[in-house]
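To start, the structure itself, in structure tokens.
Taken together, the values in this text are just the output of simple stated rules run on the coordinates, not laboratory data. Small disclaimer: the values here were computed from a predicted structure and weren't measured. As a convention, Cβ positions derive from the backbone with ideal geometry for all residues, glycine included, and neighbour counts pool all protein chains shown.
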Amino acid sequence: MTTSIWTRWTTLVPSAGVVVLAGAWGRDVGVVLELAIGVLLGACVLASVQHAEVVAHRVGEPYGSLVLAVAVTVIEVGLIVTLMISGGSDTDTLARDTVFAAAMITCNGIAGLALLIGALRFGTTHFNAEGAGAALATVATLATVCLVLPTFTTSAEGPVFSPSQLTFAAVASLVLYATFVLTQTVRHRDFFLPVSPEGEILPEDRHADPPSDRAALTSLGLLVVSLVAVVGLAKVESHPIESLVAEAGLPHSFVGVVIALLVLLPETLAAARAATRNRIQTSLNLAYGSAIASIGLTIPSIALASIWLDPPLVLGLGETQIVLLVLTVMVSVLTVVPGRATRLQGSLHLVILAVYVFLAMQP
């Protein structure tokens with residue numbers, strides 16, 4: 001007997017997540033409920049991956065990766081603004097910490113995990129160096145303009161942009177993001193499609209018949225619901241996480257790392273699944289596309305919201321963070337230029353992520 005979509009766990013879990021989110025928002029919950037919410041959060045993450053793969057299968061690459069990247073980033077912006085409004089003096093660096101964490105997790109964690117999985121299963125992974133290189137160049141430019149330059153500008157005191165500089169950076173970010181999306185989806189779509197070891201574009205991954213338009217639209221709506229539940233429940237869990245971070249003697253900025261890890265779980269799992277099917281280009285689309293969306297959409301949105309927010313918008317990275325960003329870009333360039341990678345490249349990126357997480361815990 002065929003199960004109705006309205007009785008499947010991928011529908012019930014996001015719905016339950018939103019209901020629990022509405023009941024728990026702004027309230028103190030006990031330890032037992034905190035643990036239950038944590039389990040529900042993980043289930044919502046898995047549900048979001050399922051719906052994202054349905055949408056991706058229907059629209060094909062690279063549109064499927066773009067849908068998930070933009071959806072997560074839009075919710076991420078809402079989470080940052082919510083925390084900045086409700087937070088105290090520690091929230092002035094929240095946007096910087098979250099965006100930088102997302103960049104490190106996507107470029108090192110998601111990309112590295114996908115490369116390692118692909119190499120372990122297929123020996124050598126292959127992808128389109130033109131598409132991956134273009135995406136990486138966009139990430140590096142956005143990160144430098146929005147996160148590195150504020151540390152060295154002198155128009156405003158501290159690692160912050162002046163109002164005119166912030167406006168320019170926001171506009172430049174939107175222009176770069178729009179140009180990248182146009183390149184990825186229209187002008188040079190073939191650069192972002194999976195390729196064979198000989199460099200030929202692979203056919204669509206037809207491991208199952210494409211879903212109908214109705215099923216895809218339903219999954220798209222449930223994907224949005226799932227992502228709202230993921231980020232909302234992560235916000236509910238942020239206070240227990242803050243308490244654990246404080247009790248462990250870790251810096252407050254590490255909360256942003258934990259939240260970023262939770263929010264990016266759907267993309268991480270989707271990239272890992274693509275890697276198991278030898279679709280490494282799809283995994284890199286998710287990794288670099290998420291980084292581009294995180295910086296290119298978040299910074300302009302936060303810049304606009306800063307008009308009504310009291311805390312100053314600190315965007316400039318510290319010295320350690322800049323070193324890690326430079327290392328990430330250098331290693332990523334050496335990874336994508338050949339168009340193929342082994343388990344060594346995957347391990348390198350995962351080690352860089354481990355270094356970042358460790359230094360975030362012990363600066």
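Numerical summary
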item	result
Prolate/oblate/rounded call for the chain, Cα gyration tensor, a/c under 1.5 rounded	oblate
Chain lengthening between Arg343 and Leu46 when straightened (0.36 nm per residue, less Cα-Cα)	104.3 nm
Among 131-139, 167-175, 250-258, the order from most to least packed when residues are scored by Cβ within 10 Å on average	131-139, 250-258, 167-175
Relative contact order, percent, the chain [alpha-carbon distance under 8 Å, six or more residues apart]	39 percent
Residues Met361, Met104, Met330 arranged by fewest to most Cβ contacts within 10 Å	Met330, Met361, Met104
Whole-Hz ³J(HN,Hα) from phi, Karplus 6.51 cos²θ - 1.76 cosθ + 1.60, for region 22-38, glycine and proline x	5, x, 9, 5, x, 10, 8, 10, x, 4, 4, 5, 4, 5, 5, 5, x
Extent along principal axes [Cα atoms of region 174-297; Å; largest to smallest]	53, 32, 31
